[in-house]
């Protein structure tokens with residue numbers, strides 16, 4: 001951990017929903033491993049258009065909100081009495097409050113959905129908006145639909161060479177090191193010279209392109225992995241669609257790590273389509289990293 005980040009807390013969004021309890025458990029364990037404090041954050045949001053409201057009504061609402069955050073603090077201290085836990089009650093929408101507080105945090109952790117919504121909703125608004133806009137890594141905790149076998153910890157990371165994906169690899173290595181686990185680095189290659197490509201490039205040696213891309217991928221992974229010799233790294237370079245491959249790879253995994261947007265993502269999208277698909281369909285928690293968070297030094301090429 002770099003000196004300027006020492007002591008940054010782990011922020012967790014909490015609203016007493018089952019999903020936020022999963023997030024709280026994940027955040028407390030992360031804080032214990034990193035020896036960092038935890039901020040249990042709840043947002044007090046008046047959902048109606050501004051209008052005169054009796055002060056006693058507002059006081060009652062705030063009292064309920066304080067009770068929610070206090071309950072989160074109590075649960076966190078029960079999970080890990082040795083971890084310093086502090087409450088934060090912000091005023092505004094959950095996304096806005098979490099994004100503001102996350103600026104001073106090591107990372108933000110939230111459930112895949114909170115209170116409200118409707119039956120069958122897989123991902124709430126905050127679980128998309130916070131990773132899309134955050135300047136810090138965000139972990140969206142989905143209940144493990146297929147828990148890891150035994151005690152093996154496997155962190156999966158998707159790379160396409162974009163700055164956010166390289167930051168994702170650095171984050172994945174750090175998480176695996178904390179948990180004595182392994183990393184599976186995945187790259188999905190699309191053959192832009194084949195006839196099946198929407199706009200195949202003329203006079204392109206597809207095999208040469210693929211070999212060059214795979215060699216560069218392995219070089220980048222090996223370079224960053226050298227800084228974490230205690231972590232076993234498996235490298236997979238496949239010619240398949242990334243959305244399906246990455247979601248399938250999360251079966252039995254501990255964590256999936258992706259950049260917030262990859263190569264080819266439209267400029268209007270703050271969260272790439274592959275990352276969005278993972279938030280909807282992954283079998284384990286998903287960590288989303290923005291570019292420039294960790295600034296890993298890569299080999300020239």
Q. Mind checking which residues of the range 261-286 are crowded, with 23+ Cβ neighbours inside 10 Å, at pLDDT 90 or above and not in a helix (DSSP H, G or I)?
A. 282, 284, 285, 286
(Q) Given the condition crowded, with 19+ Cβ neighbours inside 10 Å, in a loop (DSSP other than H, G, I, E, B), within 20 Å of the chain's Cα centre (by Cα) and modelled with pLDDT of 85 or more, answer yes or no: does some residue in the range 201-221 qualify? (A) no
Q) Would you pick out the residues in the range 90-106 that are assigned to a helix (DSSP H, G or I) and in contact (Cβ under 8 Å) with a residue 24 or more places away in the chain? A) 94, 95, 96, 97, 98, 99, 101, 102
Q. Out of (1) farther than 18 Å from residue 89 by Cβ; (2) at pLDDT below 80, what's the single condition that is false for residue 46?
A. (1)
Q | Candidates 246, 258, filtered to the one that is closer than 12 Å to residue 159 by Cβ, under 17 Å from the mean Cα position of the chain (by Cα) and in a helix (DSSP H, G or I) | A | 246
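The values are calculated or read from the model by the stated rules, or taken from the named source; none is laboratory data. What you are looking at is a predicted structure, and each value in this text was computed from that prediction instead of being measured. Every residue, glycine among them, receives a Cβ derived from its backbone with ideal geometry; neighbour counts consider all protein chains shown.
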